[in-house]
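Working notes, structure below.
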Amino acid sequence: MQFTKKDILDMESLSVEEINLILDTADRMKEISIRPIKKVPTLRGKTVILFFYEPSTRTRISFDIAAKRLSADSLSISKASSSIVKGETLADTARNLEAMKPDIIVLRHSSAGTPHMLARLVKSSVINAGDGMHAHPTQALLDLMTVREKKGKISGLHISIIGDISHSRVARSNIIGFTKMGAKVLLAGPPTMIPKDVESLGASVTYNVDEAICDADVIMMLRIQKERQKSFLFSTEREYSKVYGLTKERAKNARSDVLIMHPGPVNRGVEIAYEVVDGPHSIILDQVTNGVAVRMALLYLVSGGVRNADAD
Ligand code: CP
């Protein structure tokens, strides 16, 4: 199958076949990262701009590593180091970046829809690295890859996503991604943190976290996004942890083969206990490892995928 998408903007616009192609390509890319020389010439001569308006550790660094492992030239700019601080609009910044002929622009922005706007403005490929509370497709793809790798399948699995669903672009993208690939998604958390219409995305809802834990093949905990909450949606962190957090005691009621995930950054002791983050069921760092492979696959595929990574 030929990958024909110019941009990666959200999970809605990827078909099951395209998702499978991305995951299969990421599986092959992962092998490059365990070679003594972690570099292939696949994207030599390509330029990747990493434009991050919001802080990031995992996404920015893994895109940078992914580009470098494929021999692309990558460079990073942040809001603070760009002329945005002098009053230039995003559209004008984009036009100026485009004038320097980059091949791919990776954008993280605090406003929903900005990568879509950028994709309409520029000829370069645009990859959404997280836009406001809307979408984080590369996170969902690395989560799908990690679950498929650990469980050997996605279809038919029970995925529980627990926490601050309302403010989470990761939750939105994962609900769409996992349901599209045939999994059943159950959302749990405080009523103040679960949007009313979320079932229209294909997920079920419970306000009882214990219910979401006992039957799950995969438990994905989400961070309390204090920076996005306009008012207090819970009393204290201690209370939140007790009622909605994945405590050590609560984790004992999970299936013996459960996978515990978190997109990061983790608030240890709030949504998830210290011991659970570091425990035997946690695959949180596997997610980070696979983030590099998925982003290598995406950079390769939006570039036309003209060379076979295996052949390099
Ligand atoms: N999961 C994630 O997007 O992490 P960063 O904000 O560190 O990129």
Using the Cα atoms as the points, what is the convex hull volume per residue of the chain in Å³?
132 Å³
Sorted by chain and then number, the residues having a modelled amide H within less than 5 Å of the amide H of VAL205, at least 5 places away or on another chain, are LEU187
Listed by chain and number, the lysines with an alpha carbon less than 20 angstrom from that of LYS242, same-chain partners under 8 positions apart left out, are LYS226, LYS252
Remind me, relative contact order of region 137-287 in percent, using alpha carbon pairs under 8 angstrom and six or more residues apart?
24 percent
Within the chain, which whole H helices from DSSP have a Cα span along their axis of at least 15 Å and a mean Kyte-Doolittle hydropathy of 0.5 or more, if any?
284-302
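At a temperature of 4 °C and a viscosity of 1.567 mPa s, determine how fast region 137-287 diffuses translationally according to Stokes-Einstein, using the Kirkwood radius over alpha-carbon pairs as Rh; express D in µm²/s, rounded to the nearest whole number.
Approximately 86 µm²/s, per Stokes-Einstein.
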Among DSSP beta bridges whose residues both lie in the chain, state the antiparallel percentage, nearest 5.
5 percent
Ordering ARG250, ARG44 by how much accessible area each has at a 1.4 Å probe, largest first, what is the list?
ARG44, ARG250
Ranking request for peptides 214-222, 115-123, 1-9, 21-29: highest mean number of other beta-carbon atoms within 10 Å first, then the rest in descending order.
214-222, 21-29, 115-123, 1-9
Of ASP164, ASP103, ASP278, the most mobile residue in a GNM of the chain (C-alpha springs, cutoff 10 Å) is ASP278
If you take the square roots of the eigenvalues of the alpha-carbon gyration tensor of region 1-89 and sort them as a ≥ b ≥ c, do you get rounded (a/c under 1.5), prolate (a/b over b/c) or oblate?
oblate
Flagged as over-length at 31 Å C-alpha distance, from LYS39/LYS180; LYS39/LYS151; LYS30/LYS86; LYS38/LYS86, the pairs are LYS39/LYS180; LYS30/LYS86; LYS38/LYS86
For the chain, what is the calculated [θ] at 222 nm in deg cm²/dmol (nearest 500), taking -39500 (n - 2.57) for each run of four or more DSSP H residues and dividing by its residue count?
-11000 deg cm²/dmol
Percentage, to the nearest whole number, of Cα pairs in region 68-218 over 26 Å apart
39 percent
Looking at the chain as a GNM with Cα springs under 10 Å, which of GLY156, GLY130, GLY291 has the largest mean-square fluctuation?
GLY156
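The values are calculated or read from the model by the stated rules, or taken from the named source; none is laboratory data. A quick note: this is a predicted structure, and the numbers were derived from the prediction, not measured. For neighbour counting, all protein chains shown are included, and Cβ atoms are generated from backbone atoms with ideal geometry for every residue, glycine included. Heavy atoms of the whole protein, side chains included, go into the accessibility calculation; ligands, DNA and RNA do not. Shrake-Rupley method; radii C 1.70, N 1.55, O 1.52, S 1.80 Å.
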